[in-house]
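Please read the structure below before turning to the comments.
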């Protein structure tokens, strides 16, 4: 497949691994955080961590919107799905996320709620139009990659005056989350691998605060193995040279200003929430979105009077430290024992791209020494 | 939320929709988030919407850089 | 017997399961007409046959596929191939099939006819007759159109001992063709997927391929068809059963470009996508090359490949060397793979 295969080539990956090995200073440890869950997934799915020199530690960031969604939001969605006449639609990743008491949307469906899986917000509009007597609620989640599509769906709903459609908005923002990480005491991150597709929307300068205020370099990366290795090399070089800049490895997709039309659309349809509780990271100001007044008519929170309660994380859960890079999945006592993909206790195990889930699925063969 | 794919635009339709091709699979998606897109161009698609065009020129530059690094570091590699 | 079935316009109704004339009419005009063979013509509730000497195997399968009709097949052909394959995976020659139908009130008779014809065709081409069957009807809303349960019996050739617990470190792992065709073909028809593809299900009876394989290589250790859960599930099952580990090479996995594209689009891993015309064979290393040639000579093995080997591993992990060069686990999923949007 064009624009994919060339960036998966094993020979190029090998070459990059050697190039990285040639760059690293043997006496220092580099802590690099790949913010985005898609990058975490790629790293594990291709086994790239094994190809890096041992003094590069990849820390898996909180860029997994499924993982960081507070349990209270899941509970609210489950309650909504149980309401008479409601069809609750969401992405497949959300179906198994545990809310309070081990309940989930998938279990709610088995118990009779009408919960449906979507591949696109367009499906939600279509289902609403096909079921005029029912209330379609789109449980919308995601970072800035996924937010513009939700905005488009809302504009379409507005355009045709669709009455039985509303959005329960749980979209979150990347730069505030990165700030949230950097502002934590004791955080050990020397640089960021920046989310490629979020950046395609928000542009390069959105990360300027990281070099400017925290002296941390950011390299925006594509998702294929060669992209990731190239980006890691660029970060190592910046760190070695004492530079802190925003660089872009993914120039074929990400432009400096990003997608202005998408940005304008998001600004029109959404507004900032004063605060938002992130699973594992705590409360971060201006880090999430809700529908603006102009779109109040399609706001499920207003329409259904949704109240999201604050639900504390499981006692044994070490997600907070893992999401901030202070611990690795294997450091958590509950990892692969009480906490597994089938029975996730916390954010990091919940989605296939969460740090713990990815490590569990792809990497736990590395626990025991490999020959 | 980053699973997005490079897709080739095969045909443009009304209301900003288009048919794209990913490795032989064709799909209808929306180009509503982009300005002018031409048939034959490549876009990045996420949940049914194109988020960005792929610049062939930048892709070339990126691959050229990779090729240069590959040459430098795989010179004495035994395949 | 009056012709009381209106196949063009009629639907299954409760009388068709009632044991009376309506049911007899359904059986005669549909099942017996198309599946026709000496056993069904006898019209007994059971089929009698001579039991050949030797070891016999028996396998049963419930088929609940939705949609009923998909590119490359339907629930009818699927069920015939499925049970023939289960029997064949013991290295056995399939002899007879039985078929039980649970019909939902309201199923169009035209659809049922299409399904039965398709079963008949698959059965005839495979040379394995459906010798007995049963029909029940459930109320509207209590079924998904039709469920079919098939059972197959077969005879294991002398000296052949194939079982999932025989994989030995050093063995080669082979597959007869491309991964994921069936699952993608099914998904292309599911309502909320809007892509068009030329992918067809690979649903096929593998017994003739197995026969040539067993003849060329009687020391085959394991055979299994990777249906639900894909190649990943099958390899993990065999690894557990045999108490071994496995290492496969991503580069060697036969995969059609469109299936790869569809999996990328949907966020699926082809290793976990269902197949219906594929088998995994685990054989001693020295026999692998010759077996590969034999498989490639058969129409259902043209894309056959050696994809990996069995290793010592008490943890029974299945690992894969990725195209990028690193190694990852091919984990045994708890439930079904869900599409990934993230």
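What the table shows:
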| quantity | calculated |
| --- | --- |
| Residue ID - nearest to residue A:52 (Cα to Cα), chosen from residues in the stretch A:228-237 that are surrounded by 24 or more Cβ atoms within 10 Å (Cβ to Cβ) and touching a strand residue (DSSP E or B) at 6+ places or on another chain (Cβ under 9 Å) | A:232 |
| Matching residues, the stretch B:20-52, being over 23 Å from residue A:223 (Cβ atoms) and at pLDDT 95 or above | B:32, B:38, B:39, B:40 |
| Selected residue (only one of C:177, C:164, C:170, C:183 is at pLDDT 95 or above and closer than 30 Å to residue C:265 by Cβ) | C:177 |
| Residue satisfying all of: in the stretch A:101-121; under 21 Å from the mean Cα position of the chain (by Cα) and either assigned by TED's automatic domain parsing to the domain that holds residue A:343 or part of a helix (DSSP H, G or I) (or both); surrounded by the fewest Cβ atoms within 10 Å (Cβ to Cβ) among these | A:106 |
| Residue list for the stretch A:7-52, restricted to those being in a helix (DSSP H, G or I), away from chain C (no Cβ under 12 Å) and without any contact (Cβ under 8 Å) to a residue 12 or more places away in the chain | A:22 |
| Subset of the stretch C:156-182 [under 19 Å from residue C:272 (Cα atoms) and not in a loop (DSSP other than H, G, I, E, B)] | C:173, C:174, C:175, C:181, C:182 |
| Only listed residue being crowded, with 23+ Cβ neighbours inside 10 Å and either in contact with a strand residue (DSSP E or B) (Cβ under 9 Å, 6 or more places away or on another chain) or within 14 Å of another protein chain (Cβ to nearest Cβ) (or both), chosen from C:145, C:230, C:141, C:180 | C:180 |
| Test: residue in the stretch A:71-84 that is within 14 Å of chain C (Cβ to nearest Cβ) and either touching a residue at least 12 places away in the same chain (Cβ under 8 Å) or surrounded by fewer than 23 Cβ atoms within 10 Å (Cβ to Cβ) (or both) | no |
| Single unsatisfied condition, residue A:240 versus (1) within 14 Å of chain C (Cβ to nearest Cβ); (2) surrounded by fewer than 24 Cβ atoms within 10 Å (Cβ to Cβ) | (1) |
| Subset of the stretch A:215-227 that is within 16 Å of residue A:30 (Cβ to Cβ) and touching a helix residue (DSSP H, G or I) at 6+ places or on another chain (Cβ under 9 Å) - its residue that is surrounded by the fewest Cβ atoms within 10 Å (Cβ to Cβ) | A:216 |
| Some residue of the stretch C:289-300 being surrounded by fewer than 24 Cβ atoms within 10 Å (Cβ to Cβ), in contact with a strand residue (DSSP E or B) (Cβ under 9 Å, 6 or more places away or on another chain) and assigned to a loop (DSSP other than H, G, I, E, B) | no |
| Test: residue A:358 is within 13 Å of another protein chain (Cβ to nearest Cβ), within 23 Å of residue A:145 (Cβ to Cβ) and surrounded by 20 or more Cβ atoms within 10 Å (Cβ to Cβ) | yes |
| Of residues in the stretch A:254-271 being farther than 30 Å from residue B:62 by Cα and without any contact (Cβ under 8 Å) to a residue 40 or more places away in the chain, the one surrounded by the most Cβ atoms within 10 Å (Cβ to Cβ) | A:271 |
| Lone unmet requirement of (1) within 14 Å of chain C (Cβ to nearest Cβ); (2) at pLDDT 95 or above; (3) crowded, with 16+ Cβ neighbours inside 10 Å for residue B:55 | (1) |
| Residue within the stretch A:333-341 that is more than 16 Å from residue A:63 (Cα to Cα), assigned to a loop (DSSP other than H, G, I, E, B), within 13 Å of chain C (Cβ to nearest Cβ) and modelled with pLDDT under 85 present | yes |
| Qualifying residue in the stretch C:268-286 (condition: within 11 Å of another protein chain (Cβ to nearest Cβ), under 26 Å from residue A:360 (Cα atoms) and assigned to a loop (DSSP other than H, G, I, E, B)) | yes |
| Unmet requirement for residue A:179, which otherwise passes all of (1) assigned to a helix (DSSP H, G or I); (2) in the same structural domain as residue A:131 (by TED's automatic domain parsing); (3) closer than 25 Å to residue A:308 by Cβ | (2) |
| Test: residue C:271 is outside the structural domain of residue C:85 (by TED's automatic domain parsing) and closer than 30 Å to residue A:6 by Cα | yes |
| Flag if residue B:34 is within 8 Å of another protein chain (Cβ to nearest Cβ) and crowded, with 20+ Cβ neighbours inside 10 Å | yes |
| Spans of strands (runs of 3 or more DSSP E) in the stretch A:249-306 with at least 1 residues modelled with pLDDT under 95 and outside the structural domain of residue A:354 (by TED's automatic domain parsing) | A:275-278, A:282-285 |
| Restricting the stretch C:183-216 to residues that are in contact with a strand residue (DSSP E or B) (Cβ under 6 Å, 6 or more places away or on another chain) and assigned to a loop (DSSP other than H, G, I, E, B), the residue that is farthest from the other protein chains (Cβ to nearest Cβ) | C:203 |
| Residue that is farthest from residue A:222 (Cα to Cα) [pool: residues in the stretch A:153-170 that are within 14 Å of another protein chain (Cβ to nearest Cβ) and surrounded by fewer than 24 Cβ atoms within 10 Å (Cβ to Cβ)] | A:160 |
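The values are calculated or read from the model by the stated rules, or taken from the named source; none is laboratory data. Please read these numbers as outputs of a predicted model, since none were measured by experiment. Every residue, glycine among them, receives a Cβ derived from its backbone with ideal geometry; neighbour counts consider all protein chains shown.
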